[in-house]
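Enquirer: Have a look at this one before I ask anything.
The values are calculated or read from the model by the stated rules, or taken from the named source; none is laboratory data. Note that the structure is predicted; figures quoted are calculated from it, not measured. Cβ atoms come from the backbone with ideal geometry, glycine included; neighbour counts cover every protein chain shown.
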Amino acid sequence: MALAKILVIEDDEDVARLEQTVLERAGYEVRVTGNGAEGLELAEAVKPDVVVLDVGLPDISGLDVCTSLSNSNNAFILMVSGHSREQDILLGLGLGADDYITKPFSGNELVARVASFLRRREKTVTRPAAGNMLTLGTAQLDRDFHTLANDGSSITLTALEFRLLWFLGEAEGRLLTRAQILEHVWNDTSGVPTRVVDVHVAALRKKLAEVNAPLEIASVRGIGYRLDKK
């Protein structure tokens, strides 16, 4: 069985060395770079399963790198930062990161986060395909290109945004709890904060508006969300 591939993008040499050491000891194949531009090149060449991405890089903002990765790569993204402010965390998650860890952190915590991602991937792979297109009124989701199209306009969704909208679309008109969404979209109900769902719903609402899709994501306070046609 092939080793899972981990890409570390971290300019602090001591932190990068720690991350590489503990991840290799855990049995993963690890590549390391200290800048964003090379990180994007390596992500394209290596096709990692997980990217451990520092927010503060010397050449490109880690948030910009996160956006590029989420739009062009299927890797899980673990953002790393010295800041623990909620707005920073939510910003990273809104740009496509799957989880967030703040410095200082233990090697065991890092390995546990990465292992959680890989368990989610295994569950996702075993799910049967449900077709490549989903039509919702005049709007259409394309699984091959991760796009949402409506009335001649099209927009690309991040991997998480796409899975979330597809799940809501398949259940059109039915209320889905945050726990159901976390289980199906993130494949995890314990390691991911429910606020992550809210952040991605907010991002999806903006993209629905950009293509004027006749769809509305309704919220039911304290419970979850429902996709309705306007």
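Enquirer: (1) over 19 Å from S68 (Cα atoms); (2) among the basic types (K, R); (3) surrounded by fewer than 19 Cβ atoms within 10 Å (Cβ to Cβ): which one isn't true of R178, the others all being true?
Expert: All conditions pass for R178, except number (3).
Enquirer: When you scan region 71-88, do you find a residue that is touching a residue at least 40 places away in the same chain (Cβ under 8 Å), closer than 24 Å to T194 by Cβ and touching a His at 6+ places or on another chain (Cβ under 8 Å), even just one?
Expert: So far as region 71-88 goes, no, none of its residues is touching a residue at least 40 places away in the same chain (Cβ under 8 Å), closer than 24 Å to T194 by Cβ and touching a His at 6+ places or on another chain (Cβ under 8 Å).
Enquirer: Is there a residue in region 202-223 that is surrounded by 14 or more Cβ atoms within 10 Å (Cβ to Cβ), in contact with a Ser or Thr (Cβ under 9 Å, 6 or more places away or on another chain), among the β-branched types (V, I, T) and assigned to a helix (DSSP H, G or I)?
Expert: No.
Enquirer: Sticking with this one: Can you tell which of A43, A16 is touching a strand residue (DSSP E or B) at 6+ places or on another chain (Cβ under 8 Å), more than 27 Å from L157 (Cβ to Cβ) and assigned to a helix (DSSP H, G or I)?
Expert: Answer to the selection: A16.
Enquirer: Every residue in region 96-113 that is in contact with a Lys or Arg (Cβ under 7 Å, 6 or more places away or on another chain) and crowded, with 22+ Cβ neighbours inside 10 Å, please.
Expert: If we filter region 96-113 for residues that are in contact with a Lys or Arg (Cβ under 7 Å, 6 or more places away or on another chain), which is where we start, we get 99, 101.
Within region 96-113, D99 is the sole residue that qualifies.
Enquirer: For the condition within 17 Å of the chain's Cα centre (by Cα), in the same structural domain as D11 (by TED's automatic domain parsing), at pLDDT below 90 and assigned to a helix (DSSP H, G or I), what is the one hit in R163, R113?
Expert: Numbers: R163 fails: in the same structural domain as D11 (by TED's automatic domain parsing).
Exactly one of R163, R113 is within 17 Å of the chain's Cα centre (by Cα), in the same structural domain as D11 (by TED's automatic domain parsing), at pLDDT below 90 and assigned to a helix (DSSP H, G or I), namely R113.
Results for (1) of a type in the set (G, A, S); (2) without any contact (Cβ under 8 Å) to a residue 24 or more places away in the chain; (3) under 18 Å from N74 (Cα atoms), shown as yes or no for each residue.
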position	(1), (2), (3)
L148	no, no, yes
R178	no, no, no
I181	no, no, no
A202	yes, no, no
K206	no, yes, no
E216	no, yes, no
Y225	no, no, no
D228	no, no, no
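Enquirer: Same structure again: Here is a list of conditions, (1) closer than 13 Å to I6 by Cα; (2) part of a helix (DSSP H, G or I); (3) of a type outside the set (S, T, N, Q), and V32 meets all of them except one; can you say which number that is?
Expert: Of the numbered conditions (1) closer than 13 Å to I6 by Cα; (2) part of a helix (DSSP H, G or I); (3) of a type outside the set (S, T, N, Q), the odd one out for V32 is (2).
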